[in-house]
Amino acid sequence: MRARREFRNRRDVEVSVLDALVDRAEEGMTVFELRAAVDADIDTIEEALSSLKSDGLITVDSGEDRVVILPDDRVVPDPGEEPEDEQSFIDAIRDRFGL
């Protein structure tokens, strides 16, 4: 599943982090799980997490066993809002021109 369209106008790594978190919105992900899901080095992921946290798009939950990162509810699309494989016009242009 992908993050809502209005949150896709960010750096690629931030969008990748949001998409990974939306896929596991209920249980969240650890930093190590994000590292495995996002094709970026740990420093780049850390910068993305910092930016997303400062913008209020993610939350950090310190549970008993582990610390997990969760997407904000407004980032997670409602079921049936947009099919997973549908690409917006703007996303298609970005992909086409490598932006």
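The values are calculated or read from the model by the stated rules, or taken from the named source; none is laboratory data. Not measured: the values here are computed from a predicted model. Using ideal geometry, Cβ is built from the backbone for each residue, glycine included, and neighbour counts are taken over all protein chains shown.
All told, ALA92 falls short of being modelled with pLDDT under 95 and either outside any helix (DSSP H, G or I) or on the phi > 0 side of the Ramachandran plot (or both).
Pull out all pairs, ordered by first then second residue, where Cβ-Cβ is under 8 Å, the residues are six or more apart or on different chains, the first lies in the stretch 21-33 and is within 11 Å of VAL60 (Cβ to Cβ), and the second is of a type in the set (Val, Ile, Thr) and loosely packed, with under 13 Cβ neighbours inside 10 Å. Final answer for the pair search is THR30/VAL67; VAL31/ILE42; VAL31/VAL67.
Per the listing THR44, THR59, the residue uniquely touching a helix residue (DSSP H, G or I) at 6+ places or on another chain (Cβ under 6 Å), modelled with pLDDT of 90 or more and surrounded by 14 or more Cβ atoms within 10 Å (Cβ to Cβ) is THR44. Against the list (1) modelled with pLDDT under 95; (2) farther than 16 Å from ARG8 by Cβ; (3) not hydrophobic (A, V, I, L, M, F, W, C), the condition ASP19 fails is (2). When GLY28 is tested against (1) buried (at least 19 other Cβ atoms within 10 Å of the Cβ); (2) at pLDDT below 95; (3) over 23 Å from ASP78 (Cα atoms), exactly one condition is not met: (3).
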